[in-house]
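Novice: Here it is, the structure, as C-alpha cells.
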Amino acid sequence: MRLKLIVALVNDDKIDVVVDAARAGGATGETIITSVRGDGLRPDKTFFGLDLAAKRDVILFLVVETRAREILERISEAARLDTEPGAGIAFQVPIEDAVGLSTQLPTILEELETEI
C-alpha cells in the first residue's frame, strides 16, 4: 500500500476546519503538534524584545496515496491557504513504509475497495 504524509501548518483557530476537511476526504486519523513557530516572507516584529510571532500548529495525516491530493485540496479550501495571506501551508511527501496502522487498516482497505 502506498502512503503519503500530509503536513499542514496552520494557526490554532484553523485546526478544526483542517481536521474536518481531511476527515471528509478520507483521512483516518491525525497527529497535532501545538505551538510551533516559524517566519514567512515578512518575519513578525518584536515589541520591547517580546516575540509577537503567532504560534502555529502542525497537523500530520498519514493517508493512502490515492486520496492524498483530494485531502490536500480540501485542506487548502477549508483553511483558505491560497486566498488568505499568512493562513499557513500544507504539503505532501511520499512514505516508503509504515508500521502501527493495524487499527486503521480495515477502514483504509474498505475505502480502497470502493474506489476500484
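The values are calculated or read from the model by the stated rules, or taken from the named source; none is laboratory data. Remember, predicted model here, so these are calculated numbers, not experimental data. Cβ coordinates were reconstructed from backbone atoms using ideal geometry, including for glycine residues, and neighbour counts include every protein chain displayed. Quick note on the areas: whole protein, heavy atoms, side chains included, nothing else; ligands and nucleic acids left out. Shrake-Rupley method; radii C 1.70, N 1.55, O 1.52, S 1.80 Å.
Novice: Mind listing whichever residues of the range 5-39 are open to solvent by 60 Å² or more (accessible area, probe 1.4 Å), more than 22 Å from LEU105 (Cβ to Cβ) and assigned to a loop (DSSP other than H, G, I, E, B)?
Specialist: Listed by number, the residues that qualify are ARG37, ASP39.
Novice: Follow-up. Let me spell it out: the conditions are (1) open to solvent by 80 Å² or more (accessible area, probe 1.4 Å); (2) at pLDDT 95 or above, and LEU60 meets all of them except one. Which number is the exception?
Specialist: (1)
Novice: With (1) open to solvent by less than 80 Å² (accessible area, probe 1.4 Å); (2) under 22 Å from ILE95 (Cα atoms); (3) basic (Lys, Arg) as the list, and ARG2 as the residue in question, which single condition is left unmet?
Specialist: Of everything listed in (1) open to solvent by less than 80 Å² (accessible area, probe 1.4 Å); (2) under 22 Å from ILE95 (Cα atoms); (3) basic (Lys, Arg), ARG2 misses just condition (1).
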